[in-house]
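Engineer: Handing you a structure now.
The values are calculated or read from the model by the stated rules, or taken from the named source; none is laboratory data. In this text the structure is predicted, and so the values were computed from the model without any measurement. When we count neighbours, we look across all protein chains shown, and the Cβ atoms used for this are built from the backbone with ideal geometry, even at glycine. Heavy atoms of the whole protein, side chains included, go into the accessibility calculation; ligands, DNA and RNA do not. Shrake-Rupley method; radii C 1.70, N 1.55, O 1.52, S 1.80 Å.
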Amino acid sequence: QVTLVESGGGLVQPGGSLRLSCLAPKRIFDIYAIEWYRQTPGNQREFVAIVTTVNYTQYNPSVKGRFFISRDSAKNTVWLQMNDLKPEDTAVYYCHPNGAGEVWGQGTLVTVSS
């Protein structure tokens, strides 16, 4: 059973920042690109960002320039630095190994509100 563990969510005011982390098993981290998705109630999961094993990154246009994804090989962790947060960024954020099938963590809730 593959388990990814997301953390770092919380309540933040508009314009604030949060850094999410995704801890993956080494056998997953070393092979797969890791994506972040987010989901709000009643909606499908939305792609946020991806980082490949060679540090190529890509972003949803709605977060480009505000969010930054990176990977730390020493810690088998993928980070999502989120800056200038907006209320529409409120969602449960999940990380996912691209191409590994339906492998999802429990998610971490981000709430942007004044």
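Engineer: Name all residues of the stretch 82-97 having a backbone nitrogen under 17 Å from the label point set 7 Å from the Cα of SER17 along its Cα→Cβ direction, giving them as ranges.
Structural biologist: Those under the cut-off are 82-86.
Engineer: Restricting the count to DSSP beta bridges whose residues both fall in the stretch 58-111, what percent are antiparallel, rounded to a multiple of 5? Walk me through the intermediate numbers first.
Structural biologist: Numbers: 9 of 10 bridges.
DSSP beta bridges in the stretch 58-111 are roughly 90 percent antiparallel.
Engineer: When the accessible area of the chain is split by element with a 1.4 Å probe, what percent falls to carbon and sulfur?
Structural biologist: The nonpolar share, carbon plus sulfur, comes to 50 percent.
Engineer: While we're looking at this one, here's another question. On average, how much accessible surface per residue is there in the chain, in Å², for a 1.4 Å probe, leaving out ligands, DNA and RNA?
Structural biologist: I get 52 Å² per residue for the chain.
Engineer: Let me check against my output: what whole-number percent is the relative contact order of the chain, with C-alpha pairs under 8 Å and at least 6 apart?
Structural biologist: On the way: 272 pairs, mean separation 42.9, N = 114.
Result for the chain is 38 percent.
Engineer: On to the next question. Let me have the 222 nm mean residue ellipticity of the chain computed from DSSP H runs of 4+ only, each contributing -39500 (n - 2.57), with the sum over all residues rounded to the nearest 500.
Structural biologist: -500 deg cm²/dmol
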